[in-house]
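The values are calculated or read from the model by the stated rules, or taken from the named source; none is laboratory data. Predicted model, so just to flag it, every value in this text is computed and none were measured. Cβ atoms come from the backbone with ideal geometry, glycine included; neighbour counts cover every protein chain shown. Note: areas computed on protein heavy atoms with side chains; ligands, DNA, RNA excluded. Shrake-Rupley method; radii C 1.70, N 1.55, O 1.52, S 1.80 Å.
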Amino acid sequence: MDCFDTCEAIYENEKVRPSKSNFFTNGKLCENFAHLLNEKKLEQSYFNKKEIPLSQSLGILIQKLKDTNASEVLYYKGSGNLGIMQSSVKTFFSRYGAVLTKGSLCDEMGAFAFEEGRGHNLNPSIERLLQCDVIVVWGRNLTVTSSHMYKILKDKTFITIDPIQTPIAKKSKIHLQLNPKSDASLALALSRFAYMNDLEDEKYLDNLSDNWEDFIELSNEKPLLEYEKETGVSLTKMSETIDLLKDKKVAFLVGLGAGKYFEGVQIMRTIDSCAAYLGVHKEKNGGVWFLANSTYGYENYFKKEKTTLESMPSVDFKKYDVVFIQGANPVMSAPNKNRIIEGLKKSFVIYFGTTYNETCEYADLIIPSTNFLAKKDIRLSYGNSNKIISNPVIAANKNTTSEYELAQKLNESFGFEVFKSEDEIINDYANKTVTYPNPLVKTFNFIDTLEIEPLLTNKQRNEFNLITVKYKSSLNSQFKVNNFAHLNTDSSFKHDDKIMVSSKYGKAEFIVKTSDEIKENCVLFYSGCKNANILMPHESDELSNNAMFQEVIVNIDLS
Ligand SMILES: Nc1nc2c(c(=O)[nH]1)N[C@H]1C(S)=C(S)[C@@H](COP(=O)(O)OP(=O)(O)OC[C@H]3O[C@@H](n4cnc5c(=O)[nH]c(N)nc54)[C@H](O)[C@@H]3O)O[C@H]1N2
Ligand SMILES: Nc1nc2c(c(=O)[nH]1)N[C@H]1C(S)=C(S)[C@@H](COP(=O)(O)OP(=O)(O)OC[C@H]3O[C@@H](n4cnc5c(=O)[nH]c(N)nc54)[C@H](O)[C@@H]3O)O[C@H]1N2
Ligand SMILES: [Mo]
C-alpha cells in the first residue's frame, strides 16, 4: 500500500499474519491492512457496464489503442499499489507514445525542494533516527500515517508543528499550532532564534555551504513580531522550542502538510534550510526524513520512452480520446472533482484496478487487476530502507490479470521488446545493496529569497482555510468514505449541522463535526471525504507540478 512503513505479512495456514521478524511491523498490522484483506475485489471485466470475459476486454483494449492516435491517449497511474512491477504498464504506454503525467498529487513539492537544497531526496538511516533525542514532527500526522514508526519512537521527546491538534501534537512537549501556510515564516523565525542564541556552528556551516549567511540575512528581513503575527505562534513558544533543541540530537520528520500550497517548494526549502542551519546533518546528529526517493541506486527495468507529459493535478481528461487509469481513483482523490467527472464523461475511459471504485462509474471498459496476494512484486519504501518481496500465496482469479502480464501482452501485441522475467527483475532488486552518499548531506544550498502570498489574512466570519489530511481507517480514497466537515467547537456551527461549503471551484453539502482539535480558522476534511475535492484547486503549484490541495479559501453557510 501507499504508506511510509512498508509493513510485512506472512501467509500461514491460509491466514495472513503480521511478520514478527520485520523491524517495523514487529508483529502488528494496522487497521488498513485488515481492510485491504476484507475489501470486495473486482473479479470481472465490464464493457459499457456489462460483464464480459477477460479475453474480450483485453481484445477491446488492444483494438482501441490500435485505432487511436497515440497522442490522443492518456496514461494515468495512481498510487494504489506502489510495487515496482506496477510500472511495467507505464513503460508500455510510453513506448506506444501515449501522453503520461508528471508531478504528483502527493509529495513532489518536497522532493523538488530537497533536491534543490542538498542534491537529493534521501532519508538518513533508521539508526540515525533511533539515536535522536528530540523529534520535530513538521506537518506530518505521524501516529496515523506512520503508525509503526511511531511505536518505535514513542518514548522520544516530540515537538509538533501543525495547525491541528493531532494525536502526535497531544503527545508532544511543545505544539506550535501555527496558521496554515505560515511555515516558511516559522522556519525563518526559529532559525533567527537559533542565531540569537548562538546555536550555529559557523565552522561546520562554512564547510557545508557558501550561502548560509544569506539565509540568516533573509530571516533578519522582518521584525520578530511580524513572524508572531503571521504564524499565530508566540515568540515565547518559539524561544522554548529552540531551548529544547539546544545540544540535542534532532530529527525532523517532515510530512506533506506544510507544502500543499502554490509556493509549496519554497516553503519546504525553508523548512529544510532551517534544519540544515540547526546542524541536524552533522556527523553525530539526526537529519531530515520525508517521503524519500525509494528507487535510488537501483537499476530501472521500467524506463520510459520520451513522450509528452501533462501535470498530474491539472491534466484535462476531456482532451483525450482514450484515458487509461491504473491503480487510481481520480474521482475521489484528484482536486476539482466536478472537472474530473466532466472530463471522464467526455472520453473513452479504461479502468484497470483491483476494486470497483468511484472512478469505475465513468469507465467504458473495466479490467480487473490481480489481487496482491496472487501476484509477484517487490516494494521499496519511501519511509525507510526496507524492501519487501511480495510472493503469490493464493491462485489468481482467472478473470484478472497482473500489471506485468498485461504489459507483456501489450508489448507482444505491438511488437515491442518484452521485459525480463519477473523473477529476474525482482531478484535483482532483492540482491542489490544500495549505498547512500556518506555523509548524506555534504553540501547545502540554502534558500535566500522568498516570495509567498499569505492565504487568509483578513478572515471574514464565514471564511475558512481548508485542511485535508489522511484518516486512520482509510488509505486515501480506499476503504472508508464519509462526508464530514470538521470545525472548532467555538465556531458558529454546531455538531451535526448541515452546511454548504463553497469555493471558486465548486460547492457541496457536508455534516459538521466539532472538536477542540481543529484550529478556529480552519475546516478539515479527511481524505476519502465524498465531496471535499469539489472544493479544491486543480492548478499545479508554482514549480513542481504538484497538487496544491490547500491553496483555497472556502465559505461556509448553513444549508
Ligand atoms: N492511515 C493512513 N496512512 C497513510 C495514508 C492514509 O490515507 N491513511 N496515506 C499515505 C500517503 S499517500 C501519504 S502521502 C502519507 C502522508 O503522510 P502525512 O504527511 O503525515 O499526511 P497528511 O495527512 O497529509 O498530514 C499532514 C499533516 O499536516 C498538517 N497540516 C495541514 N496544513 C498544514 C500547514 O499549513 N502547515 C503545517 N505545518 N502542517 C499542516 C495536517 O494537519 C496533518 O497533520 O501518508 C501515508 N499513510
Ligand atoms: N481530499 C484529499 N485528497 C487527496 C489527499 C488528501 O489528503 N485529501 N491525498 C493525496 C495523496 S497524498 C495521494 S498519494 C493521492 C492518492 O490517490 P490515488 O492514487 O487515486 O489512490 P487511492 O485513492 O488510494 O486509489 C487507488 C486505487 O488503486 C486501486 N488499486 C489498489 N491496489 C491495486 C493494484 O494492485 N493494482 C491496480 N491496478 N490497482 C490497485 C484501488 O482499487 C484504489 O481504488 O490522493 C490525493 N488526494
Ligand atoms: Mo500520498
Next item on the list: State the three equivalent ellipsoid semi-axes of the range 37-103, derived from the C-alpha gyration tensor as the square roots of 5 times its eigenvalues, in descending order and whole Å.
Entry: 22, 20, 10
Checklist line | Greater than 29 Å apart at Cα, pairs in Lys203/Lys519; Lys470/Lys507; Lys90/Lys432; Lys237/Lys507; Lys306/Lys432; Lys77/Lys494 | finding: Lys203/Lys519; Lys237/Lys507; Lys77/Lys494
Item checked: P(r), alpha carbons of the range 183-294 - 10 Å bins starting at zero, rounded % -> 14, 47, 35, 5, 0
Next item on the list: Using packing as a proxy for protection, rank 531-544, 256-269, 30-43 so that the peptide with the highest average count of other Cβ atoms within 10 Å comes first.
Entry: 256-269, 531-544, 30-43
Check: What do you get when you divide the Cα radius of gyration of the range 447-519 by 2.2 N^0.38 Å, with N the number of residues?
Finding: 1.35
Notebook entry, point to check: How long is the range 76-132 along each principal axis, judged by its Cα atoms, biggest number first, in Å?
Noted result: 48, 24, 18
Check: Given charges of +1 on the Cβ of Lys and Arg and -1 on the Cβ of Asp and Glu, with all other atoms neutral, how large is the dipole of the range 350-393 about its Cα centre, in debye to the nearest 20?
Finding: 420 debye
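Translational diffusion coefficient, Stokes-Einstein: compute it for the range 357-412 using the Kirkwood radius over C-alpha pairs as Rh, at 10 °C and 1.306 mPa s, and state it as an integer in µm² s⁻¹.
Here the translational diffusion coefficient equals 119 µm²/s.
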Next item on the list: Please list the equivalent ellipsoid semi-axes of the range 389-464, computed as the square roots of five times the alpha-carbon gyration tensor eigenvalues, in descending order and whole angstrom.
Entry: 46, 28, 16
Notebook entry, point to check: How big is Rg to Rh over the range 383-427, alpha-carbon atoms, Rh as the Kirkwood inverse-mean-distance radius?
Noted result: 1.06
Next item on the list: Would you please put 389-402, 134-147, 425-438, 311-324 in order of how densely packed they are, using the mean number of other Cβ atoms within 10 angstrom per residue and starting with the highest?
Entry: 134-147, 311-324, 389-402, 425-438
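Where both residues lie in the chain, what percent of DSSP beta bridges are antiparallel, nearest 5?
The antiparallel proportion sits near 35 percent.
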Notebook entry, point to check: Considering only protein heavy atoms, what per residue accessible area in square angstrom results for the chain with a 1.4 angstrom probe?
Noted result: 42 Å²
Next item on the list: Could you calculate the contour length gain from Lys498 to Lys306, that is, 0.36 nm times the residue separation minus the distance between their Cα atoms, to one decimal place in nm?
Entry: 64.2 nm
Check: Which is farthest toward the positive dipole end of the chain among Ile267, Ile152, Asn458, measuring Cα position about the Cα centre, with Cβ charges +1 (Lys, Arg) and -1 (Asp, Glu)?
Finding: Ile152
Note to self: For Glu539, project a label point 7 Å along Cα to C-beta. Then give me every residue of the range 494-509 with its amide nitrogen under 20 Å of that point.
What the structure shows: 502-507
Next item on the list: Could you check the simple spin-label distance between Asp214 and Ser559, using points 7 Å along Cα→Cβ, in nm with one decimal?
Entry: 4.9 nm
Item checked: Per-residue HN-Hα couplings for the range 116-132 [Karplus 6.51, -1.76, 1.60; θ = phi - 60°; Hz; x = Gly/Pro] -> 4, x, 10, x, 7, 10, 10, 8, x, 6, 5, 4, 5, 5, 5, 7, 6
Next item on the list: May I ask you to give the percent of accessible area on the range 421-547 that is carbon plus sulfur, with a probe radius of 1.4 Å?
Entry: 43 percent
Margin query: 7 Å from Cα along Cα→Cβ at both Glu39 and Glu358: what's the point-to-point distance in nm?
Written below: 1.4 nm
Notebook entry, point to check: Quick one: with all protein chains in place, what share of the accessible area of the range 149-219 is carbon or sulfur, to the nearest percent (1.4 Å probe)?
Noted result: 39 percent
Notebook entry, point to check: Across 5 Å bins from the origin, how do the percents of Cα pairs in the range 431-559 run, short distances first?
Noted result: 2, 9, 16, 19, 16, 10, 8, 7, 6, 4, 3, 1
Note to self: For the chain, take the convex hull of the Cα atoms, compute a quarter of its surface area, and give me that in nm², please.
What the structure shows: 24.8 nm²
Check: Can you list the residues, at least 5 places off or on another chain, whose amide H is less than 5 Å from the amide H of Asn483, using H built in the peptide plane?
Finding: Lys530
Notebook entry, point to check: For the range 1-59, with equal point scatterers placed on the C-alpha atoms only and solvent neglected, what are the log10 I(q)/I(0) values from the Debye formula at q = 0.12, 0.17 1/Å, to two decimals?
Noted result: -0.48, -0.69
Notebook entry, point to check: Taking a ≥ b ≥ c as the square roots of the eigenvalues of the Cα gyration tensor of the range 62-192, is the shape rounded (a/c under 1.5), prolate (a/b larger than b/c) or oblate?
Noted result: prolate
Checklist line | Within the range 276-313, backbone nitrogen closer than 20 Å to the virtual label 7 Å beyond the Cα of Val434 toward Cβ | finding: 287-304
Margin query: Can you list residues from other chains, or at least 5 along the same chain, whose modelled amide H is less than 5 Å from the amide H of Thr101?
Written below: Lys77, Glu310
Check: So, with +1 on the Cβ of K and R and -1 on the Cβ of D and E, and no other charges, what is the size of the charge dipole of the chain about its Cα centre, to the nearest 20 debye?
Finding: 1820 debye
Margin query: Could you work out how much longer the chain between Asp516 and Ile62 gets when fully extended? Use 0.36 nm per residue separation minus the Cα distance between them, nm to one decimal.
Written below: 158.0 nm
Checklist line | Computed label-point distance, nm, for sites Lys154 and Arg17 using a 7 Å Cα→Cβ extension | finding: 2.2 nm
